[in-house]
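The values are calculated or read from the model by the stated rules, or taken from the named source; none is laboratory data. None of the values given here were measured: they were computed from a predicted structure. Positions of Cβ are generated from backbone atoms using ideal geometry, with glycine treated the same way; all protein chains shown enter the neighbour counts.
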Amino acid sequence: MTDRKSELAENLARVEERIASACVAAGRSRQEVTLIVVTKTHPASDVRLLADLGVRHVAENRDQDAAPKAAACADLPLDWHFVGQLQTNKVRSVAGYAHVVQSVDRPKLVTALSAAAEGAGRELGVLVQIALDAESGERGTRGGAAPDLLPELADLVARAPGLRIDGLMTVAPLSGEYAGREQAAFERLVELSSSLRADHPTATMVSAGMSADLEQAVRAGATHVRVGTAVLGARPRLG
Ligand SMILES: *Cc1c(COP(=O)(O)O)cnc(C)c1O
């Protein structure tokens, strides 16, 4: 193994151990939680090593970086998740490689993604991103829709050709009533997921938790954790 490959293998083993312990502590089966490795700012060669080490889900947050990386890794058995704020002029590109777009937070984006998915002849999974620090009817500063916008957005996605409503995503808020209360924030997301599933029973994904708070997410009931730095190390630049 190269130095980089053994480093990634060790980091993955440590993260796997954290997820497994969190599942035990929460009385959940390890199979209920899927690891998504956030590869943003890291090169395609790292993605290739991760795939070799058994990673099956990767995430990116900028189309400019993600598109060439996904193209360079098109031969690998990977699902690509898009987790960043998304401008409508990028959706055609994203719809070409993404399997799941986790950051859908406004009607215009749903319409654009639907057209792009249809144009590409692909079906895209969609998560509605929830901003738990957004005022009613508003969007958060780092993307995401206020919880009261969820029913309308989810219905719109469910009716949109080429799209599938798969669930919800959030990032623990830095401000507002949930600041510093990751566990409570993720529990709120899981509550929102229950109400979503009342109308859309197959929308079972709950994407929450990153390197610093994956235990709280697993405890709250997340089905997917998005881990970057704990697997790949510090990012070479802000991302
Ligand atoms: C970067 C990023 C992550 C991973 O963050 P780490 O702290 O590096 O684990 C997770 N989710 C989103 C939306 C991100 O942008």
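Every residue in the stretch 88-111 that is outside any strand (DSSP E or B) and in contact with a Leu (Cβ under 9 Å, 6 or more places away or on another chain), please.
Narrowing the stretch 88-111 to residues outside any strand (DSSP E or B): 88-99, 105-111.
Answer for the stretch 88-111, where residues must be outside any strand (DSSP E or B) and in contact with a Leu (Cβ under 9 Å, 6 or more places away or on another chain): 88, 91, 94, 95, 98, 99, 105, 106, 107, 109, 110, 111.
Which pairs turn up if I take residues in the stretch 124-140 that are on the phi > 0 side of the Ramachandran plot and look for partners that are of a type in the set (Gly, Ala, Ser) and outside any strand (DSSP E or B) with beta carbon separation below 7 Å, at least 6 apart in sequence or on another chain?
Going by the 7 Å Cβ cut-off, the qualifying pairs are 137/146.
Tally time: how many residues in the stretch 198-219 are out of contact with any strand residue (DSSP E or B) (no Cβ under 8 Å at 6 or more places or on another chain) and surrounded by 15 or more Cβ atoms within 10 Å (Cβ to Cβ)?
Our first condition is that a residue be out of contact with any strand residue (DSSP E or B) (no Cβ under 8 Å at 6 or more places or on another chain); within the stretch 198-219, this holds for 198-199, 201, 212-213, 215-216, 219.
With the extra rule that they be surrounded by 15 or more Cβ atoms within 10 Å (Cβ to Cβ), the set shrinks to 213, 215-216, 219.
Number of matching residues: 4.
Which of the residues spanning the stretch 25-37 are surrounded by 12 or more Cβ atoms within 10 Å (Cβ to Cβ) and farther than 14 Å from residue 49 by Cβ?
Those that are surrounded by 12 or more Cβ atoms within 10 Å (Cβ to Cβ) and farther than 14 Å from residue 49 by Cβ: 26, 28, 30, 32, 33, 34, 35, 36.
A quick yes/no check of all residues on (1) near the ligand (Cβ under 9 Å from one of its atoms); (2) under 17 Å from the mean Cα position of the chain (by Cα); (3) closer than 17 Å to residue 129 by Cβ; (4) part of a strand (DSSP E or B):
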{"site": "211", "(1), (2), (3), (4)": "yes, yes, no, no"}
{"site": "218", "(1), (2), (3), (4)": "no, yes, no, no"}
{"site": "225", "(1), (2), (3), (4)": "yes, yes, yes, yes"}
{"site": "236", "(1), (2), (3), (4)": "no, no, no, no"}
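Identify, from the list 185, 230, 146, the residue that is more than 16 Å from the ligand (Cβ to nearest atom) and either surrounded by 14 or more Cβ atoms within 10 Å (Cβ to Cβ) or of a type in the set (Val, Ile, Thr) (or both).
146
Which residues, taken from the stretch 117-176, are assigned to a strand (DSSP E or B), touching an Asp or Glu at 6+ places or on another chain (Cβ under 6 Å) and among the polar types (S, T, N, Q)?
Passing the criteria: only 129.
Criterion first (at pLDDT 95 or above, crowded, with 17+ Cβ neighbours inside 10 Å, assigned to a strand (DSSP E or B) and not polar (S, T, N, Q)) does residue 50 satisfy it?
no
Evaluate the following for residue 103: is it within 25 Å of residue 219 (Cβ to Cβ), of a type in the set (S, T, N, Q) and without any contact (Cβ under 8 Å) to a residue 12 or more places away in the chain?
So residue 103 does not fit the description; no.
Residue under question is residue 58, and the condition is that it be surrounded by 14 or more Cβ atoms within 10 Å (Cβ to Cβ), at pLDDT 95 or above and not in a helix (DSSP H, G or I); does it hold? Working first, answer last.
Working: surrounded by 14 or more Cβ atoms within 10 Å (Cβ to Cβ): yes; at pLDDT 95 or above: yes; not in a helix (DSSP H, G or I): yes.
The answer is yes for residue 58.
With respect to the numbered conditions (1) surrounded by fewer than 18 Cβ atoms within 10 Å (Cβ to Cβ); (2) over 20 Å from residue 225 (Cα atoms); (3) of a type in the set (D, E, K, R), which one is the sole condition not fulfilled by residue 79?
(2)
Residues 206, 231: which one is more than 15 Å from the chain's Cα centre (by Cα) and under 30 Å from residue 45 (Cα atoms)?
Among 206, 231, only 231 is more than 15 Å from the chain's Cα centre (by Cα) and under 30 Å from residue 45 (Cα atoms).
Across the stretch 75-87, what is the number of residues that are part of a loop (DSSP other than H, G, I, E, B), among the hydrophobic types (A, V, I, L, M, F, W, C) and closer than 23 Å to residue 115 by Cα?
Within the stretch 75-87, the subset part of a loop (DSSP other than H, G, I, E, B) is 75-78, 83-87.
So of that shortlist, the ones also among the hydrophobic types (A, V, I, L, M, F, W, C) come out as 76, 78, 83, 86.
Narrowing the set further to residues that are closer than 23 Å to residue 115 by Cα leaves 83, 86.
Count: 2.
Restricting attention to the stretch 23-68, which residues are among the charged types (D, E, K, R) and farther than 18 Å from residue 1 by Cβ? Can you show your working first?
First, pick out the residues of the stretch 23-68 that are among the charged types (D, E, K, R): 28, 30, 32, 40, 46, 48, 52, 56, 60, 62-63, 65.
If the condition is that a residue be among the charged types (D, E, K, R) and farther than 18 Å from residue 1 by Cβ, then 28, 30, 32, 40, 56, 60, 62, 63, 65 are the ones that fit.
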